[in-house]
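Enquirer: Can you read through this structure? Questions will come right after.
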Amino acid sequence: MASETTLTWATVAPAIAEIYLAIAVCVLLLVDVFYGEKRRGLTPTLTLAALALGALLTAQFGAVTERVTLFNGMFVADELGHFLKLAGFVFVGFALLYSRTYLEQREILKGEYYVLALTALLGIFVMVSAASLLTMYIGVELLALSVYAMVAFDRDSGIAAESAMKYFVLGSIASGALLYGMSIVYGVTGTLSLDELAGQLRGELSAGVILGLVFIVVAVAFKLGAVPFHMWLPDVYHGAPTSVTLFIGTAPKIAYFALALRLLAEGLQGAVAEWSQMLAALAVLTLVVGNVVAIVQSNLKRMLAYSTISNVGFIVLGFVAGTPEGYSAALYYTLVYVLMSLGTFGVILLASRKGFEADELDHYKGLHARDPMLAFVMMVLMFSTAGIPPFVGFWAKLRIIQELWATSHPWLILIAIVMSVVGAFYYLRVVKLMYFDPPGELPATERNTGARVALGLNAAAVVLLGLLPGPLLDLCARLLH
Amino acid sequence: MLLTLIVLLPFLGSVCAALLPANARNAESWLSGVVTVACMALVASLYPQVADGEVVRAIIPWLPQYGLTFYLRMDGYAWLFAMLVSLMGALVVLYARYYMSPEDPVPRFFSFLLAFMGAMLGIVLSGNLIQLVVFWELTSLTSFMLIAYWYHRPDARRGARMAMTVTVAGGLCLLLGALMLGEIVGSYDLDEVLAAGNGIREHPWYTPVLVLVLLGALTKSAQFPFHFWLPHAMAAPTPVSAYLHSAAMVKAGVFLLARLWPVLAGTDEWFWIVCSAGASTLLLGAFCATFQRDMKGVLAYSTISHLGLITLLLGMNTPLALVAAVFHMMNHATFKASLFMATGIVDHETGTRDLKKLCGLRYRMPVTATVAIVAASAMAGVPLLNGFLSKEMFFEESIIAGSESGLRFTLPAVATLAGVFSVAYSVRFIHQVFFGPPAEDLPRRPQEPTRGMIVPSALLVAACLLVGILPSRTVGPLLETSMRSILGPDLPAYRLAVWHGFTVPFYMSLVALTGGVALYVLLCFRKKTMVPTPLLSRLDAKRAFDVINVAIVRGAGRLARFLFSRRLQTQLLLIVLLALGVAVLPFLVTEWTRGDMPLTPPDPLFALLWIVGAACAIGAALQAKFHRLAALIMLGGAGLVTCLTFAWFSAPDLALTQIAVEVVTIVLFLLGLRWLPRRLAFDTVDRQTLRARARRTRDAIIAVTSGIGIAALSFAALTRPRQSRLAAFFFDRSVEEAGGRNVVNVILVDFRGFDTLGEITVVGIVALIVYALLRRFRPAPESIGVPRAQRDDVLQGALPERLDDPLPRGYMKIPAVLLALALPLVRVCLFCLLLPGPR
C-alpha cells in the first residue's frame, strides 16, 4: 500500500489542523516540563497563541473545495470538516480563556490541563475528519481519555474523582459498545471505510448489520447523553471543576455531532429507516426526561446538565428527519447550543471565587444588583436557550421543527414544543432569581477583563445571530447540501 | 422606509433610555415622549395613502431561503391599531412622568415601555406570520419586565411570572399554528395567507390550526379559561396597566383574531369555540368585577369582560359583528385607559385603591371625579358616549346571531345580563370612590393631582365624548378604511348614529341600565354579608395554576428520583440491561444461526485450560472488592491462559507480546496497589439478607446472560467463512516488495514500520512509568527492619531527603547483581533473535 501513495503537500495540507495540533501538543508538553514550574502563566498563554496560530493555518491551508479522501481512505476532508475545525479552535480558545482565573484560584493552573485540552481538541478533529470506522474510534478514544483525565484534574476534590471514575467506567462501556458495533458491521460487510459502507448497505439489511447498528446507536446516544444513556452526564457536569464542565459542555458536542453524522448519516445511510426510528424513541425520552427533571434541580450545574440532555434531544431530532436539511438543522442547533453553553458556563466561572463555587441556584439571587453585566449576559443566554425570539436559540429550535415538519413527524413536533415550554420554566427561574430576588451575603464576582470582553462578545454573538440568522443558516445548509 | 422607522424608532429609543442615568426622570420622559410622538406622526403621515385603499409595504430580505422576509405592511386595519398603540404610548409616557416617584429607577421602566411599544407595533404591522410570532413573544417578554417592575414585591413577581408563562405558552401554540398555516398556504406571507381563506377552511388541518391560533390569541387576550393571569398582572405600575392591559397587549389577541377573520372565520367550529369562550368570559368577568375590592381589580375583570364581548362579536361570523368588534376595541381602549389613569391618580394621591376605604373624593378631587365619571359611564354604555354605540351594535348582533344559530333567546339574554353587571360595577366603582361622606382614615390627604397626570386622562375622555356624540364625523372614516382592508370593498350596511329609534337593542340597553342600578342598590343593602365574590371565590384559576405548578415540580422530583441514581452500580446495571435489550431486538425479526464452517474437534486439555482461565476471571471479579492481591493474581492467571491459547493455536509472537503486556500490567498494578486507600470494612451481616442475595443473584444472571450473548455472537461470527483479503495481500507482497519470507516480521518491520515505532514508544513510556514508580518506592517498614545492615542507614542518609535526589549507591543491591548477571544473557538472546531478521 505504502508504495501506491506519495505524500505531497496537496495530500497532506487538508490534515494540517491535526498535524499541527499533534506537534503543538508535543512542543507544549516539553515546554511545560522545563518551564512550567517556574513560569506559571507560560503554558496557558502559549496554548492560546497555539490555538490562534492553528486557526490561522487551518483557515489558510486547510481549505478544500470538494470532498476528498486521503491517507488510504482513512481521512476525509470536506468543507464541513474545515468549518468544524475552525469552530473547534474558536470554542476551545474561548473555553480556556474563561477558565484561567478559575484554575489559578484553585491552584490547578497546570500545563497538563492545557495539554489535555489540546489533545481533546485533536480527538475532536480526528472524529470530524474520520472516513473510516477505525479513525473514528481513535478520535473517540483520544477525546474521551483526555476528558476523563480533565474531570479528575482537581485531585483533592472527592466529588471530582467520583465523577471521573463513573465517567470512565461508563464511558468504557460505551466505547466497548461502539467497538463492538463497528466490528460486527465490519464482519458483515468486510469494509471499514464509511464510503464503501454506504455503497454496500442497500436494500434489505441483514440481522448482523442491524445488530451492529444498534450498538453504534447506543454508543452515539451515550456520547451525546441521550436518555436512557444519560446517567453519567449530570454527575460529570456537577462533579467536574466548572472549567472542565465548560469544556466538556462545548467543543466535544461538535465532535459528537460529527460522530453521528459520519457514522449514521454517511456510513450507515442505507439503514436510515432503522436508525431514525431508534433515534426518534431516544429523542422523545431525552426531551421529556431532560426537561422535566431539570425543574427540580437546585444546583445550577446539574440543571444545566439536564438542559444539555434536553438540547441533545433537539439535535437528535434533526437526525430523525433523516434528510440533509435535517442534518443541517442539527448542525445549526449544535453550533448555537455550544455558543450558548459556552457563555452560560463562562458566567458561572466568573461568578465563582476562590473557595466559592457559584454552582447553586441560590448563589444567583440578586446577581443583577451585584454585577449587572453578568446578570444581563446570563439573562440573554437563558432566554436564548429557552428558545425565546429574537435570540438565536429560537431559530435553532425553529429549524429543527421545520425539518420535522417537512418530513411529517407531527407527534415529535408536539412533544418538542410542549417540552420547550417546560424548559422555559426553569430557564426563566434563573432570570427571576437574578433580577427579582434580594441579593444575599455572597462574595463579589470575578473582574477579569479579558474573560469579560470574551463573555460580552459571546453574548453579542447570541443576540446578533438571533437578529441576523441568515448567514449561519446559509452556511449550515451549504455545508450539508 | 417610513414603516421600518416606525418599528425601529421605539427600539432605538429603548436602548438610549437604558443608557441614561437612574434619576434622569425628565430626560427619560422627554426622550420617550419624542419617540412616541414621532411614531404617531409617522403613522399619521401615512393615512392618506392608507385611506385610498393602498397597502403600504416595506420589505427587507431577512431569511429569503426559508421564505422569511422582514416584511411590514400597513393597511387600514393595521393603521388604526398602529395609531392606537402610538397615541396611547404618548399619553402613557406623559402620565408616567408624573406618576413614577423620584426613587423609582426610571430607565428600566421607559426602556421596557418603549421596547414593548416597538414590539406591539411590530405585531400590528407584520406582514409575515413568523415575524408576527417573534414580536408576539417579545411583547410577552417586555410585559414580564414591566409587570415585575417593582420586583421587591412578591405579588409583582408572581403576577409577572404567571402572565409570562401563560402568554409565552400561548405564543408557542401560535407559532405552531402559524407554521401549519404557512405549510397549508405555501408561504408565511400575510397577503397570501389572507387570500387563501377557502383553501384553509377546507383543509383537513383546519381544526388543529384553528385551535392552535385560538390558544395563542385567547391566552394573550385573557379569555376564559386563561383569564386568571390578568388580575394578577395588576401588580404592575398603573401606567403599565393603562397601556398594556387596556389598550395594547391584551388587544393583540383580538387583533389577531380579526386579522385572520377572513381566513379562519365562517365555520361552525369557529362559531362554537370563539363564541363560547367569549360569552363565558363576558359573563364571568362582569360578575367578578362587581365584587372586587381593589379599584384595579374591578378594572381588570371589567377588561376581561369587555374582551370577552369583543371575542363573542368576532365569533358571530357576520361582517357586521366584525365591524362592531373593531369599533369596540377602539372604544374600550379609550375609556379603559382613562379609567386606569384615574385609578392611578386616586392611588397616587390617597395611597390606597381599596374601595372599602375610599369615599367622597369628589370634594377634594372634582376634576378627577368628573373625568372618571364620564369614562365609567362610557364603560357602562350610557348614551352619548362611545361605549353606548358599540354596545348597541353588540346587542343588535346578538339578536341576529342568536336567531341564526338557534340560540334565539340565549345570546341576547347573555348580552343583557352582562350589560346589567357592567352597569352595576361601573356605578359601584364611581359611587364608592367619589360619592358619600369624605373618607377620614386615608394614608394620604387627597388633593387634585398635577396637570400632567390629569391631561392624558381628560384627553381620552374627550375622545369618548366626541365619538359618542358625533360618531360618523370622527371615527367613521377611520373605521370604514380599516374595515375595507379586512372585508374588501363591499362593506355591510352599518350606521354609526346615536339614535336608531325604539329598537330592541335600545330596550335591551334600557334594561341593562336600570337593572344595573337596581342591582347595585340591592348589593348596597347586603354589603356587609358579601365580601368575596359569591360562588366563585373558591374557584380560583390562580390556585389551579399554582397547584399545577407544584404538581409539575413534585412530579419532576419523583421522576428524577426514579430515573436517577448516583450509584455507579445502578447506572451500570441500567446500561448493561439496555444494551442487552437492544441487542436482542434484531433477533426478534430474524433468528440466530451458526455458520457452516466445520468445528475443530474438541481437545480435553484445551477445554481444561479454558475452564481454569474462566475460573480465574470469575474469581478475579468476585475478589476485586475484598482481596485485591488475590484478584490481581487471578487476573494474571486469566491473562496467562490467553497467552497459552495464542501459543496453542501457533501464534507464538502474539503469545509473547501478550505475556509481555500481562507482566507489565501486573507489575504496574502491584506497584500501584500501595497507593490505594484502605479497603472499607464490609458489614457481612448486610450481605446475608434476602434482599442482598436476590440482588446478587439478579446481577449474576444478567452478567451470565450478557456473557453468553457475546459468546453466541462470536460463535456465529467465527463459524462463518472469513474474508481474509488482508492476509492474501501480505503473502503476495512480502517477498516482492520487502524481500522477506517471514510475513510477520515483514509486517512489523516494513509494512507497519510506523506502528512498530509507536509500540516501542509505548513500551518506553511504560518503562519510564515503572521507573518513576520504583524510584519513589518505599518498602514497608517491617520489611526494611529485618536486614541489620540497612537498619542504621534508614535513619540517616540512606534514603535521600528530597525525592528528586538519586538513590545512594549500593541500594537495592540484590536486584542489581541479578540484573548484572542476567543482562549478558539477555543480550545474547536478543542478538540471536535479531540475526535471522526479516530476511
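Enquirer: For the condition out of contact with any Lys or Arg (no Cβ under 8 Å at 6 or more places or on another chain), crowded, with 17+ Cβ neighbours inside 10 Å and over 29 Å from residue B:744 (Cβ atoms), what is the one hit in B:619, B:613?
Expert: On the way: B:613 fails: over 29 Å from residue B:744 (Cβ atoms).
Selected residue: B:619, the only one of B:619, B:613 that is out of contact with any Lys or Arg (no Cβ under 8 Å at 6 or more places or on another chain), crowded, with 17+ Cβ neighbours inside 10 Å and over 29 Å from residue B:744 (Cβ atoms).
Enquirer: Looking only at region B:100-111, count how many residues are open to solvent by less than 10 Å² (accessible area, probe 1.4 Å) and outside any helix (DSSP H, G or I).
Expert: Residues flagged as open to solvent by less than 10 Å² (accessible area, probe 1.4 Å) and outside any helix (DSSP H, G or I) within region B:100-111 amount to 1.
Enquirer: For region A:28-65, enumerate the residues that are of a type in the set (Ser, Thr, Tyr) and surrounded by 20 or more Cβ atoms within 10 Å (Cβ to Cβ). Steps first, please.
Expert: Filtering region A:28-65 for residues of a type in the set (Ser, Thr, Tyr) gives A:35, A:43, A:45, A:47, A:58, A:65.
Answer for region A:28-65, where residues must be of a type in the set (Ser, Thr, Tyr) and surrounded by 20 or more Cβ atoms within 10 Å (Cβ to Cβ): A:43, A:47, A:58.
Enquirer: If I go through region B:353-402 residue by residue, how many of them are under 24 Å from residue B:279 (Cα atoms), surrounded by fewer than 21 Cβ atoms within 10 Å (Cβ to Cβ) and in contact (Cβ under 8 Å) with a residue 12 or more places away in the chain?
Expert: Total meeting the criteria: 4.
Enquirer: Among (1) among the β-branched types (Val, Ile, Thr); (2) surrounded by 15 or more Cβ atoms within 10 Å (Cβ to Cβ); (3) free of Cβ contacts under 8 Å to residues at least 24 places away in the same chain, which single condition is residue A:108 missing?
Expert: (3)
Enquirer: Is it the case that region A:438-450 has a residue that's under 29 Å from residue B:166 (Cα atoms) and in contact (Cβ under 8 Å) with a residue 60 or more places away in the chain?
Expert: Initial filter on region A:438-450 (under 29 Å from residue B:166 (Cα atoms)): A:438-439.
Filter again for in contact (Cβ under 8 Å) with a residue 60 or more places away in the chain, leaving A:438-439.
Yes, region A:438-450 contains a residue that is under 29 Å from residue B:166 (Cα atoms) and in contact (Cβ under 8 Å) with a residue 60 or more places away in the chain.
Enquirer: So, one more: Listed residues A:173, A:210; which is open to solvent by 10 Å² or more (accessible area, probe 1.4 Å), at the interface with chain B (Cβ under 10 Å from one of its Cβ atoms) and more than 22 Å from the chain's Cα centre (by Cα)? Even if it seems obvious, please write down each step before you answer.
Expert: Values: A:173 fails: more than 22 Å from the chain's Cα centre (by Cα).
Answer to the check: A:210.
Enquirer: Residues being within 24 Å of residue B:381 (Cα to Cα) and open to solvent by 10 Å² or more (accessible area, probe 1.4 Å): count how many of those fall in region B:324-352. Steps first, please.
Expert: First, the residues of region B:324-352 that are within 24 Å of residue B:381 (Cα to Cα): B:324-346.
Those still in the list that are open to solvent by 10 Å² or more (accessible area, probe 1.4 Å) too: B:330, B:334.
Residues that pass the stated criteria total 2.
Enquirer: Is there a residue in region B:352-374 that is aromatic (Phe, Trp, Tyr), modelled with pLDDT under 90 and either over 41 Å from the mean Cα position of the chain (by Cα) or within 19 Å of residue B:310 (Cα to Cα) (or both)?
Expert: Checked region B:352-374: at least one residue is aromatic (Phe, Trp, Tyr), modelled with pLDDT under 90 and either over 41 Å from the mean Cα position of the chain (by Cα) or within 19 Å of residue B:310 (Cα to Cα) (or both).
Enquirer: Please find, within region A:229-283, the residue that is farthest from the other protein chains (Cβ to nearest Cβ) out of those that are over 19 Å from the mean Cα position of the chain (by Cα) and of a type outside the set (A, V, I, L, M). Walk me through how you get there before you give the answer.
Expert: Initially, region A:229-283 is screened for residues over 19 Å from the mean Cα position of the chain (by Cα), giving A:266-278, A:280-281.
Of the ones still in play, those that are also of a type outside the set (A, V, I, L, M) are A:266-267, A:269-270, A:274-277.
On the way: A:266: 22, A:267: 18, A:269: 19, A:270: 15, A:274: 9, A:275: 12, A:276: 15, A:277: 11 Å.
Taking the candidates together, the pick is A:266.
Enquirer: A further question follows. Among the candidates A:372, A:389, A:324, which residue alone is open to solvent by 10 Å² or more (accessible area, probe 1.4 Å) and either touching a residue at least 24 places away in the same chain (Cβ under 8 Å) or under 20 Å from residue A:245 (Cβ atoms) (or both)? Break it down into steps so the answer makes sense when it comes.
Expert: On the way: A:372 fails: either touching a residue at least 24 places away in the same chain (Cβ under 8 Å) or under 20 Å from residue A:245 (Cβ atoms) (or both); A:389 fails: open to solvent by 10 Å² or more (accessible area, probe 1.4 Å).
On inspection, the qualifying residue turns out to be A:324.
Enquirer: Looking at region B:728-739 only, could you name the residues that are hydrophobic (A, V, I, L, M, F, W, C) and touching a residue at least 12 places away in the same chain (Cβ under 8 Å)? Walk me through it before giving the result.
Expert: Taking region B:728-739 and keeping what is hydrophobic (A, V, I, L, M, F, W, C), we get B:728-731, B:735, B:738.
Matches in region B:728-739: B:730, B:731, B:738.
Enquirer: Follow-up question, since we're still on this one. So in region B:146-161, with the set limited to residues that are in a helix (DSSP H, G or I) and surrounded by fewer than 24 Cβ atoms within 10 Å (Cβ to Cβ), which one is nearest to the other protein chains (Cβ to nearest Cβ)? Explain how you work it out, then say what you get.
Expert: Initially, region B:146-161 is screened for residues in a helix (DSSP H, G or I), giving B:146-147, B:154-161.
Applying the additional criterion that residues be surrounded by fewer than 24 Cβ atoms within 10 Å (Cβ to Cβ) yields B:154-159, B:161.
Details: B:154: 9, B:155: 12, B:156: 8, B:157: 5, B:158: 10, B:159: 11, B:161: 7 Å.
So the residue we want is B:157.
Enquirer: Looking only at region A:407-430, which residues are hydrophobic (A, V, I, L, M, F, W, C), open to solvent by 50 Å² or more (accessible area, probe 1.4 Å) and farther than 22 Å from residue A:320 by Cα?
Expert: So the first thing to find is which residues in region A:407-430 are hydrophobic (A, V, I, L, M, F, W, C), and the list is A:411-419, A:421-422, A:424-425, A:428, A:430.
When the remaining residues are screened for being open to solvent by 50 Å² or more (accessible area, probe 1.4 Å), the result is A:411, A:414, A:418, A:425.
Correct list: A:425 only.
Enquirer: Taking the stated definitions as given, is residue A:201 in contact with a Leu (Cβ under 7 Å, 6 or more places away or on another chain), within 9 Å of chain B (Cβ to nearest Cβ) and not hydroxyl-bearing (Ser, Thr, Tyr)? Talk me through it step by step, then tell me what you get.
Expert: Values: in contact with a Leu (Cβ under 7 Å, 6 or more places away or on another chain): yes; within 9 Å of chain B (Cβ to nearest Cβ): no; not hydroxyl-bearing (Ser, Thr, Tyr): yes.
In short, no.
Enquirer: Kindly list the number of the only condition in (1) closer than 26 Å to residue A:256 by Cα; (2) surrounded by 20 or more Cβ atoms within 10 Å (Cβ to Cβ); (3) under 23 Å from the mean Cα position of the chain (by Cα) that fails for residue A:101.
Expert: Looking at each condition in turn, residue A:101 falls short on (1).
Enquirer: Another question, then. Hey, can you tell me all the residues within region A:412-450 that are part of a helix (DSSP H, G or I) and modelled with pLDDT under 80? Spell out how you get there, then give the answer.
Expert: Step one: list which residues in region A:412-450 are part of a helix (DSSP H, G or I), which gives A:412-436, A:449-450.
Passing the criteria: only A:436.
Enquirer: Let me ask something else. Would you be able to say whether some residue in region B:207-225 is surrounded by fewer than 24 Cβ atoms within 10 Å (Cβ to Cβ), within 14 Å of another protein chain (Cβ to nearest Cβ) and part of a loop (DSSP other than H, G, I, E, B)?
Expert: no
Enquirer: Okay, next question. For region B:417-430, check the following and say yes or no: at least one residue is without any contact (Cβ under 8 Å) to a residue 60 or more places away in the chain and under 23 Å from residue B:325 (Cβ atoms).
Expert: no
Enquirer: Something else: State whether one or more residues within region A:449-468 are within 11 Å of chain B (Cβ to nearest Cβ) and open to solvent by less than 10 Å² (accessible area, probe 1.4 Å).
Expert: First, the residues of region A:449-468 that are within 11 Å of chain B (Cβ to nearest Cβ): A:466-468.
Still in the list and also open to solvent by less than 10 Å² (accessible area, probe 1.4 Å): A:466.
Yes - at least one qualifying residue is present in region A:449-468.
Enquirer: Which of the residues that make up region B:479-511 are crowded, with 19+ Cβ neighbours inside 10 Å and over 14 Å from residue B:389 (Cα atoms)?
Expert: B:481, B:482, B:483, B:485, B:486
Enquirer: Please state which of the following conditions residue B:562 fails to meet, knowing it meets all the rest: (1) facing another protein chain (nearest Cβ under 8 Å); (2) without any contact (Cβ under 8 Å) to a residue 40 or more places away in the chain; (3) not in a loop (DSSP other than H, G, I, E, B).
Expert: Result: residue B:562 fails condition (1) only.
Enquirer: On to the next question. Residues of region B:565-589 being surrounded by 13 or more Cβ atoms within 10 Å (Cβ to Cβ), at the interface with chain A (Cβ under 7 Å from one of its Cβ atoms) and at pLDDT below 75, which ones?
Expert: Passing the criteria: only B:586.
Enquirer: Same structure, new question: Quick test of your reading of the structure: residue B:628 fulfils all but one of (1) open to solvent by less than 50 Å² (accessible area, probe 1.4 Å); (2) more than 14 Å from chain A (Cβ to nearest Cβ). Name the failing condition by number.
Expert: (1)
Enquirer: Could I ask something else about it? Restricting attention to region B:705-746, report how many residues are part of a helix (DSSP H, G or I) and open to solvent by 70 Å² or more (accessible area, probe 1.4 Å). Walk me through it before giving the result.
Expert: Narrowing region B:705-746 to residues part of a helix (DSSP H, G or I): B:705-718, B:725-738, B:743-746.
Now narrow it down to the ones that are open to solvent by 70 Å² or more (accessible area, probe 1.4 Å): B:708, B:710, B:715, B:718, B:725-726, B:731-732, B:736-737.
Number of matching residues: 10.
Enquirer: Restricting to region B:180-192, name every residue that is free of Cβ contacts under 8 Å to residues at least 40 places away in the same chain and facing chain A (nearest Cβ under 10 Å).
Expert: Hits for region B:180-192 are B:180, B:183.
Enquirer: Please note which helices (runs of 4 or more DSSP H) are completely contained in region B:1-99 and include at least 1 residues that are open to solvent by 50 Å² or more (accessible area, probe 1.4 Å) and without any contact (Cβ under 8 Å) to a residue 24 or more places away in the chain.
Expert: In region B:1-99, the matching helices (runs of 4 or more DSSP H) lie at B:2-19, B:25-45, B:47-51.
Enquirer: Could you check region B:430-470 and list, in sequence order, the residues that are in a helix (DSSP H, G or I) and either among the charged types (D, E, K, R) or at pLDDT below 85 (or both)?
Expert: Those that are in a helix (DSSP H, G or I) and either among the charged types (D, E, K, R) or at pLDDT below 85 (or both): B:451, B:452.
Enquirer: Another question, then. Which one of these is buried (at least 24 other Cβ atoms within 10 Å of the Cβ) and free of Cβ contacts under 8 Å to residues at least 60 places away in the same chain: A:345, A:319? Explain how you work it out, then say what you get.
Expert: Numbers: A:345 fails: free of Cβ contacts under 8 Å to residues at least 60 places away in the same chain.
None of the others qualify; the one that does is A:319.
The values are calculated or read from the model by the stated rules, or taken from the named source; none is laboratory data. Since we're looking at a predicted model, the values are computed, not measured. Here the Cβ is made from the backbone with ideal geometry for all residues, glycine too, and neighbour counts use every protein chain on show. Just so you know, the surface numbers come from the protein's heavy atoms only, side chains and all, with ligands and any DNA or RNA stripped out. Shrake-Rupley method; radii C 1.70, N 1.55, O 1.52, S 1.80 Å.
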